[in-house]
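Trainee: One structure, pasted below without further comment.
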Amino acid sequence: MATKSTTRKTTKKAQVKTQRTSTSVEDFIDSVESETRREDAKAIDRMLREITGEKPAIWGPSIIGYGEYTLRNSMGEAQWPKIGFSPRKNANVLYLLPELLASDPLMQKLGKYKLGKACLYITRLSDVDMDVLRELAARSWKQMTEKYG
């Protein structure tokens, strides 16, 4: 009589792929192909450094992040930037607090943009009101710092 063999499956949670790297932020920004996107990225970097008081780091291949907190989700826990942006080919993408993007009345005064869940897509900084963008970023940073330290 054959016996039935049972094997125990172990469930391993996937590790978050986007991790802090040692890549130079300045070198990364200087490597942006589009001159307009590169200059916009430099302006966003200056603004976020002023708001956060943090030295940024590159997260994964293309996110410039400021500060960090422990993100907890279905994949487990991982360190993640409190605020950040990425100079992508078609737009600069700012990663701000999703609740802020969904409900802050200032969004109506920002100018031309597109939204994702936690992403603000800006094709050109000249399309938005920089004072409004600065205030939105400052509110996002403040709320993230209050929530996560």
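Trainee: At 7 Å along the Cα-to-beta-carbon direction for both residue 126 and residue 90, put a label point, then send me their distance in nm to one decimal.
Mentor: Reported label-point gap for residue 126 and residue 90 is 2.1 nm.
Trainee: With every protein chain left in place, what is the accessible area of residue 72 in Å² (1.4 Å probe, nearest 10)?
Mentor: 150
Trainee: Taking 8 Å as the Cα distance limit and 6 or more residues as the minimum spacing, I'd like the relative contact order of the chain as a percentage.
Mentor: Computed value for the chain: 20 percent relative contact order.
Trainee: Before rounding to the nearest 500, sum -39500 (n - 2.57) across all DSSP H runs of length at least 4 in the chain and divide by the residue total; then give [θ] at 222 nm in deg cm²/dmol.
Mentor: -10500 deg cm²/dmol
Trainee: For a quick check: with amide H placed at 1.01 Å from N, whose amide H comes under 5 Å from residue 79's, ignoring anything fewer than 5 positions away on the same chain?
Mentor: 71
Trainee: Let me ask something additional. Just subtract the alpha-carbon distance of residue 74 and residue 115 from 0.36 nm times their residue separation and send over the number in nm, one decimal. Working shown, then result.
Mentor: Details: separation 41, 0.36 × 41 = 14.76 nm, distance 2.35 nm.
Result: 12.4 nm gained on full extension.
Trainee: Rounding to the nearest 20 debye, state how big the charge dipole of the chain is about its Cα centre with +1 on each Lys and Arg Cβ and -1 on each Asp and Glu Cβ.
Mentor: On the way: 26 positive and 19 negative charges, 224 e Å.
Dipole size: approximately 1080 debye.
Trainee: With Rg and the Kirkwood Rh both taken from Cα atoms, where does Rg over Rh land for the stretch 54-108? Walk me through the intermediate numbers first.
Mentor: Details: Rg = 12.7 Å, Rh = 12.6 Å.
Radius of gyration over Kirkwood radius for the stretch 54-108 works out to 1.01.
Trainee: Which value results when the Cα radius of gyration for the chain is divided by 2.2 N^0.38 Å?
Mentor: Details: Rg = 19.0 Å, N = 149, 2.2 N^0.38 = 14.7 Å.
Ratio of Rg to 2.2 N^0.38 Å for the chain: 1.29.
Trainee: Suppose R0 equals 35 Å. What FRET efficiency, 1/(1 + (r/R0)^6) with r the Cβ-Cβ distance, do residue 146 and residue 17 give to the nearest 0.05? Can you show the working numbers first?
Mentor: Numbers: r = 28 Å, r/R0 = 0.81.
Step by step, r from the Cβ atoms, then E = 0.80.
Trainee: Same structure again: Please compute the volume of the convex hull spanned by the alpha-carbon atoms of the stretch 73-140 and report it per residue in Å³. Please report the intermediate quantities before stating the final value.
Mentor: Numbers: hull volume 6.6 nm³, N = 68.
Spelled out: Cα convex hull of the stretch 73-140, divided by residues, is 97 Å³.
Trainee: Got a sec? Charge dipole of the chain, +1 on Cβ for Lys and Arg, -1 for Asp and Glu; which of 43, 133, 56 is way out at the positive end?
Mentor: Result: 56, furthest along the dipole toward the positive end.
Trainee: Something else now. Order of 139-147, 79-87, 63-71 by packing, highest average Cβ count within 10 Å first?
Mentor: Working: 139-147: 15.8, 79-87: 22.4, 63-71: 19.0.
Going by the mean number of other Cβ atoms within 10 Å, highest first, we get 79-87, 63-71, 139-147.
Trainee: For a distance above 14 Å, tell me the whole-number percent of Cα pairs in the stretch 44-83 that qualify. Working shown, then result.
Mentor: Details: 371 of 780 pairs.
In whole percent, the long-distance tail amounts to 48.
The values are calculated or read from the model by the stated rules, or taken from the named source; none is laboratory data. The structure presented is a predicted model; accordingly, all values stated were derived computationally and were not measured. Cβ atoms come from the backbone with ideal geometry, glycine included; neighbour counts cover every protein chain shown. The protein model used for the area step is the full one, side chains on, heavy atoms only, and it has no ligands, DNA or RNA in it. Shrake-Rupley method; radii C 1.70, N 1.55, O 1.52, S 1.80 Å.
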